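Enquirer: One structure is given below, represented as structure tokens, and several questions about it will come after.
Rule-based calculations on the coordinates, nothing more; no lab input. The structure displayed is predicted, hence computed values, not measured ones. Because the Cβ atoms are built from the backbone with ideal geometry, glycine has one as well, and the counts that use them run over all protein chains shown.
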Amino acid sequence: MGGNRPKQFLNLCGQPLLVRTCRQFLTLTAITSIVIVAHPDHGVETKELLFAHLPKHIHHKLFFVQGGALRQDSVHAGLKVLPATIEVVLVHDAARPFIDEATIVRTIDGALTHGAVIAAVPVNDTLKRVTEGTHIIATTVDRSGLWQAQTPQAADRKLLLSAFDNASATGFQGTDEASLLEHLGVEVQVVQGNKKNLKITHPGDMQLAEKLLSHEKTMKIGHGYDAHRLVSDRKLILGGVEIKYHLGLDGHSDADVVCHALTDAILGAMGAGDIGRHFPDSDNQYKNISSILLLEQIVKKAQQVGLQLTNADITIICQQPKLAGYLTDMQNTLARGCAVSPQAVNIKATTTEKMGFTGRGEGISAHAVVLMGAI
């Protein structure tokens, strides 16, 4: 690719390649764990990048390990840190962000049925064997029966570990997991891949990828509003941050109007109703619950339908207390809940010059406007 950064960190339409690739797997309930194998020079950056862009409720699914000199060394290292309960393993290139759910499911089902499979597509183009160093065609290769290997490559965990042990014992170096399994004598089947599942290898591939993602220019706008009464004997929670004040907001949950307005705005962009429909105040499981947790659940629902927060603009209307010293903490907390950078969340606080219920100190309200883009 050139440049001074590994390609998995490069931004593709506003999101790092690695983040896009991981998200494609994390939307499936069948995927319970993901191991990211990284070069030791980029281990910390890799972890920080994913934790910053992925919602907190899936962080426990992520494992990180240092890679080795060869691909098979890196994959072997990843296998060793997988939870013991994992029975089927998929190996995927971080630089293939267009992997689709159907292909992932086919590889999982294939491994459960046959023991080992790879995603691949038939070769359509005529193939020429060229004499090395001369660029002269030596022969035309018969393409019948030829398939272009992709990832994921999936296998029974015990079978894959045996293939690595055998390669180590015999000094064999394979180009992928399938070659290691073949060397062990295991029959590896092919499942249908996807021609869009391209691997980002050269700068031109990034341009092609951006064209494939041109649909992301379609954006969704949402607006949310919430207001709660100030009462005694309640903590004041705004934007997930506790505010020092002698009054708090009354409500079934923690009554965080900032979170509620932002959550409603996201639901509005999704066309999915309002917060009351998803978390009714008649349900005791939401009694005094942190509204950040509710926000995170809605962010996850948005991701499942292919939407991600692009930016949010929030206005808090409050006569007292003064909130200027808390706005940065709110910004950071809400950004984590939405799995975006803090710069994507703007928060302002204003008064009504003592007019209306907020001006009289009877309550606090908040407005939120969001822009949501396709993942």
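Enquirer: Under the rule of at least 5 residues apart or a separate chain, name every residue whose amide H is placed under 5 Å from the amide H of GLN148.
Expert: Under 5 Å from the amide H of GLN148 lie the amide H atoms of VAL121, VAL123, each far enough along the sequence or on another chain.
Enquirer: Net charge near PHE164: determine it from the other residues with C-beta under 12 Å of the C-beta of PHE164, scoring Lys and Arg +1 and Asp and Glu -1.
Expert: Once all neighbours under 12 Å are counted, the net charge is +1.
Enquirer: While we're on this one: Write down the Kirkwood hydrodynamic radius of segment 7-215, to one decimal in angstroms, obtained as one divided by the mean of 1/r over all alpha carbon pairs. Write out the running numbers ahead of the final one.
Expert: Values: mean 1/r = 0.0545 Å⁻¹.
One over the average 1/r among Cα pairs gives 18.4 Å for segment 7-215.
Enquirer: Using 0.36 nm per residue of separation minus the Cα-Cα distance, give me the extension gain between LYS211 and LYS128 in nm, one decimal. Spell out each step's value before the answer.
Expert: Numbers: separation 83, 0.36 × 83 = 29.88 nm, distance 2.89 nm.
Here the segment from LYS211 to LYS128 would lengthen by 27.0 nm.
Enquirer: With +1 assigned to the C-beta of every Lys and Arg and -1 to the C-beta of every Asp and Glu, and no other charges, what is the dipole magnitude of the chain about the Cα centre in debye, to the nearest 20?
Expert: On the way: 35 positive and 36 negative charges, 103 e Å.
Rounded to the nearest 20 debye, it is 500 debye.
Enquirer: Further, regarding this structure: Going by the alpha-carbon gyration tensor, a ≥ b ≥ c the square roots of its eigenvalues, is segment 238-285 rounded (a/c under 1.5) or, if a/c is not under 1.5, prolate (a/b greater than b/c) versus oblate?
Expert: Details: a/c = 3.45, a/b = 1.54, b/c = 2.24.
It is oblate, given that a/c is not under 1.5 and a/b is not larger than b/c.
Enquirer: A further question follows. Under 5 Å between amide hydrogens, which residues at least 5 positions from ILE364 or on another chain qualify, with H placed 1.01 Å from N in the peptide plane?
Expert: Distant-sequence amide H within range of ILE364: HIS228, LEU230.
Enquirer: Where does helix 43-53 land angle-wise versus the long Cα axis of the chain, in degrees 0 to 90, nearest 10?
Expert: The answer is roughly 50 degrees.
Enquirer: When the helix-only estimate is applied to the chain (DSSP H runs of n ≥ 4, each -39,500 (n - 2.57), divided by the residue count), what is the mean residue ellipticity at 222 nm, nearest 500 deg cm²/dmol? Walk me through the numbers on the way to the answer.
Expert: On the way: 12 runs with 126 residues, N = 375.
Counting only the DSSP helices, I get -10000 deg cm²/dmol.
Enquirer: For the chain, find the longest principal axis of its Cα atoms and tell me its angle to the long axis of helix 291-304, 0 to 90°, nearest 10.
Expert: So the helix axis and the longest Cα principal axis differ by about 40 degrees.
Enquirer: Residue by residue through segment 309-316, which ³J(HN,Hα) values in whole Hz follow from phi under the Karplus form 6.51 cos²θ - 1.76 cosθ + 1.60 (θ = phi - 60°), with glycine and proline marked x?
Expert: Running phi through 6.51 cos²θ - 1.76 cosθ + 1.60 with θ = phi - 60° gives 4, 8, 7, 10, 10, 10, 10, 9 Hz.
Enquirer: Same structure again: Can you bin segment 1-123 into rounded, prolate or oblate? Criterion: square roots of the alpha carbon gyration tensor eigenvalues sorted a ≥ b ≥ c, rounded for a/c under 1.5, prolate for a/b above b/c, oblate for the rest. Walk me through the numbers on the way to the answer.
Expert: Details: a/c = 1.39, a/b = 1.32, b/c = 1.05.
The shape class here is rounded.
Enquirer: Using mean Cβ contacts within 10 Å as the protection proxy, how do 336-346, 169-179 order, highest first?
Expert: On the way: 336-346: 19.5, 169-179: 15.3.
By packing density, highest mean first, the sequence is 336-346, 169-179.
Enquirer: Would you please put 306-318, 191-203 in order of how densely packed they are, using the mean number of other Cβ atoms within 10 angstrom per residue and starting with the highest?
Expert: Details: 306-318: 20.6, 191-203: 16.3.
Ranking, from highest mean packing down: 306-318, 191-203.
Enquirer: Using each residue's phi in segment 322-336, evaluate 6.51 cos²θ - 1.76 cosθ + 1.60 at θ = phi - 60° and report the 3J(HN,Hα) Karplus result to the nearest Hz, with x for Gly and Pro.
Expert: Calculated HN-Hα couplings, in order: 6, 10, 3, x, 10, 5, 5, 5, 4, 4, 5, 5, 5, 4, 4 Hz.
Enquirer: Still on this structure, I have one more. What is the helix-to-structure angle for 203-212, meaning the angle in degrees between its Cα long axis and the longest Cα principal axis of the chain, kept from 0 to 90 and rounded to the nearest 10?
Expert: Tilt of helix 203-212: around 60 degrees.
Enquirer: Identify which of the listed values of Cα Rg over 2.2 N^0.38 Å was calculated from the structure shown: [x] 1.72; [y] 0.96; [z] 1.22.
Expert: Only one listed value fits the structure, namely [z].
Enquirer: Which ³J(HN,Hα) values in Hz, rounded to whole numbers, follow from the phi angles of segment 369-375 under the Karplus curve 6.51 cos²θ - 1.76 cosθ + 1.60, where θ = phi - 60° and Gly and Pro get x?
Expert: 10, 10, 10, 10, x, 5, 6
Enquirer: While we're looking at this one, here's another question. Please list, ordered by chain and number, the residues whose modelled amide H lies under 5 Å from the amide H of LEU307; skip anything fewer than 5 residues away on the same chain.
Expert: ILE375
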